[in-house]
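Chemist: Before I ask anything, here is the structure I am working with.
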Amino acid sequence: MEASRGTAITGASPRSTPNSGRAQFDDGLQPRGGVVRGECDGDDRTPVVYPATKPIYGFGVSKVLDSSHPNFKTGELVWGFTGWEEYSLIKDPDQLFKVQDKDLPLSYYIGILGMPGMTAYVGFFKFCSPKKGETVYVSAASGAVGQLVGQFAKIAGCYVVGSGGAKKRSESNGLSKSY
């Protein structure tokens, strides 16, 4: 069965041999984001329905099991947009990036170096651009993007006020004031 976004064939076994230009990945190395964890746990606030016959898609880290693609060798680690399933047969591996620094925790590749980090960095430094000493308010300060915005603001010398569902969750990020 082909996955909805056309990037992986679900149910691929670890013994399948990829055709020319494809690569097969072990997706068991992926940390899960808080939003998707809530969706999978039946969080009432998240009205998302995932078909039982298709994987969830999102950013993850995978290990190359077999590859006929010239840029990906067996045993390499990659990160990017993948199906969250045990094994994926990727039709277009060019959408993935090799894990370059093996000393960093793999979770960094879907956190500070991935979409949340890039969103926080560009949003804070390009669009917000506050000066040292200014007050920055961060809503969802305990979320993947918000916690990083709060840290960037602290590093920039700002007074940071954050809200995050529960005061304790926001306080754990070291903000100046939490709600």
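The values are calculated or read from the model by the stated rules, or taken from the named source; none is laboratory data. Because the structure is a prediction, the values reported are computed rather than measured. Heads up, the Cβs are rebuilt from the backbone with ideal geometry, glycines too, and the neighbour counts pull from every protein chain shown.
Chemist: Can you name every residue in segment 106-138 that is polar (S, T, N, Q) and either under 28 Å from residue 79 (Cα atoms) or under 17 Å from the mean Cα position of the chain (by Cα) (or both)?
Modeler: Once the filter is applied, which keeps residues that are polar (S, T, N, Q) and either under 28 Å from residue 79 (Cα atoms) or under 17 Å from the mean Cα position of the chain (by Cα) (or both), segment 106-138 yields 107, 119.
Chemist: Within segment 138-155, which residues are farther than 21 Å from residue 58 by Cα and polar (S, T, N, Q)? So that I can check it myself, show each step before the final result.
Modeler: Step one: of segment 138-155, the residues farther than 21 Å from residue 58 by Cα are 138-139, 141, 149-155.
If the condition is that a residue be farther than 21 Å from residue 58 by Cα and polar (S, T, N, Q), then 139, 151 are the ones that fit.
Chemist: Which residues, taken from segment 59-108, are outside any loop (DSSP other than H, G, I, E, B), of a type in the set (S, T, N, Q) and touching a Leu at 6+ places or on another chain (Cβ under 9 Å)?
Modeler: Filtering segment 59-108 for residues outside any loop (DSSP other than H, G, I, E, B) gives 59-67, 77-84, 87-90, 93-95, 97-98, 106-108.
Still in the list and also of a type in the set (S, T, N, Q): 62, 67, 82, 88, 95, 107.
Scanning segment 59-108 gives 62, 82.
Chemist: Identify all residues within segment 80-130 that are under 30 Å from residue 53 (Cβ atoms) and among the basic types (Lys, Arg); write none if there are none.
Modeler: The answer is 91, and nothing else.
Chemist: Within segment 92-105, restricting attention to residues that are at pLDDT below 85 and surrounded by fewer than 19 Cβ atoms within 10 Å (Cβ to Cβ), which residue is nearest to the chain's Cα centre (by Cα)? Don't jump to the end; show me each part of the working.
Modeler: As a first pass, look at segment 92-105 and keep what is at pLDDT below 85: 92-95, 102.
Restricting the remaining residues to those that are surrounded by fewer than 19 Cβ atoms within 10 Å (Cβ to Cβ) gives 92, 94-95, 102.
Details: 92: 19, 94: 18, 95: 14, 102: 17 Å.
Across segment 92-105, the extreme among qualifying residues is 95.
Chemist: Collect the residues in segment 138-168 that are over 30 Å from residue 80 (Cα atoms) and either part of a strand (DSSP E or B) or touching a Phe, Trp or Tyr at 6+ places or on another chain (Cβ under 8 Å) (or both), keeping them in residue-number order. Before the answer, list the steps.
Modeler: Quick first cut of segment 138-168, residues over 30 Å from residue 80 (Cα atoms) only: 157-161, 166-168.
Residues satisfying the conditions are 159, 160, 161, 167.
Chemist: For segment 155-178, check the following and say yes or no: at least one residue is charged (D, E, K, R) and at pLDDT 85 or above.
Modeler: Applying the first criterion (charged (D, E, K, R)) to segment 155-178 yields 167-169, 171, 177.
If we keep only those that are at pLDDT 85 or above too, we end up with none.
No, the conditions are met nowhere in segment 155-178.
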